[in-house]
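Here's the structure we're looking at; comments come further down.
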Amino acid sequence: MVYLEELNRYPIVHGISTRRTKIDDFLNEIGIAGLALAKLEQVHKGKVIKVTSNTDLSSKIAGCDGAITNAKGIALMVLTADCLPVFLYDPDKHAIGIAHAGWRSTLEGIAKNVVGAMKSEFKSDPAKILVGFGPAIRQCCYEVSREFLVHFPESVVKMAHKYYFDLAGENAEQLLSVGIISKNMFDCGICTSCRSDDFFCYRKEKENAGRMASVIMLK
């Protein structure tokens, strides 16, 4: 179990399960088993949904890779296996958000779209929003085609005739561009490929890869 320790002083629940923990056990350990759980369809796009007490949570919320809420007792969850889970918390307006940032949803600005939704729905000030990055494939292992230079010219580097994409770095830059402050961003720094014994890695395991659950909830 990995927690974003820098955020523990705030009234939210957050964490990432490893391959050694079943999702239900993980939810039980952090004390939210049986509570309302918002699961997203995760279609690798940029759409964000506002979750309320009236939202139907009986199935995955269609078409979304991001969610926000200011309702207590509703956990927002994304599942990942190389993609970047992004947690957002506004301690001033007491609102939260989560994003599933793969390269396609990053191209559509999913993390900054969550910030935009929090501004629109809750009047959040981006300068006060705290952001956490969970485990994801990092630039050291994320080999891509040269075409990625077209999409992410500032976040792709060439090393030994190969190209590598900085997924977390690109999301950080996008968040900075919409007013998030660098000192308010926390990154666990874990590479799912380097640590595939502990974390699922789709690049290595393909269809056999499981998923890590990342959740955030207002108490």
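The values are calculated or read from the model by the stated rules, or taken from the named source; none is laboratory data. Computed from a predicted structure; not experimentally measured. Note that each Cβ is placed from the backbone with ideal geometry, even for glycine, and that neighbours are counted across all protein chains shown.
Structure values in brief
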| item | result |
| --- | --- |
| Where a residue in segment 181-206 is free of Cβ contacts under 8 Å to residues at least 24 places away in the same chain and its partner, wherever it lies, is outside any loop (DSSP other than H, G, I, E, B) and surrounded by fewer than 18 Cβ atoms within 10 Å (Cβ to Cβ), with Cβ under 9 Å and at least six apart | SER182/LEU176; SER196/ARG203; SER196/LYS204; SER196/GLU205 |
| Residue count, segment 157-170 (criterion: buried (at least 22 other Cβ atoms within 10 Å of the Cβ) and touching a Lys or Arg at 6+ places or on another chain (Cβ under 9 Å)) | 2 |
| Conditions (1) at pLDDT 95 or above; (2) on the phi < 0 side of the Ramachandran plot; (3) not charged (D, E, K, R): number failed by ALA81 | (1) |
| Check on GLY116, within 18 Å of VAL215 (Cβ to Cβ) and of a type outside the set (A, V, I, L, M) | no |
| Checking SER155 against (1) touching a residue at least 40 places away in the same chain (Cβ under 8 Å); (2) closer than 16 Å to ALA101 by Cα; (3) among the small types (Gly, Ala, Ser), the condition it does not meet | (1) |
| Residue list for segment 105-156, restricted to those being among the basic types (Lys, Arg) and surrounded by fewer than 17 Cβ atoms within 10 Å (Cβ to Cβ) | LYS123, LYS128, ARG146 |
| Hey, VAL115 β-branched (Val, Ile, Thr) and farther than 28 Å from VAL51 by Cα or not | no |
| Candidate set: segment 91-104, residues that are of a type in the set (D, E, K, R) and touching a helix residue (DSSP H, G or I) at 6+ places or on another chain (Cβ under 6 Å); chosen: the one surrounded by the fewest Cβ atoms within 10 Å (Cβ to Cβ) | ASP92 |
| Residue within segment 54-67 that is in contact (Cβ under 8 Å) with a residue 60 or more places away in the chain, farther than 19 Å from LEU167 by Cα and outside any loop (DSSP other than H, G, I, E, B) present | no |
| Positions within segment 119-161 being more than 25 Å from ARG211 (Cβ to Cβ) and of a type in the set (A, V, I, L, M, F, W, C), in sequence order | PHE122, ALA127, ILE129, LEU149, VAL150, VAL156, VAL157, MET159, ALA160 |
| Test: residue in segment 117-124 that is touching a residue at least 60 places away in the same chain (Cβ under 8 Å) and outside any helix (DSSP H, G or I) | no |
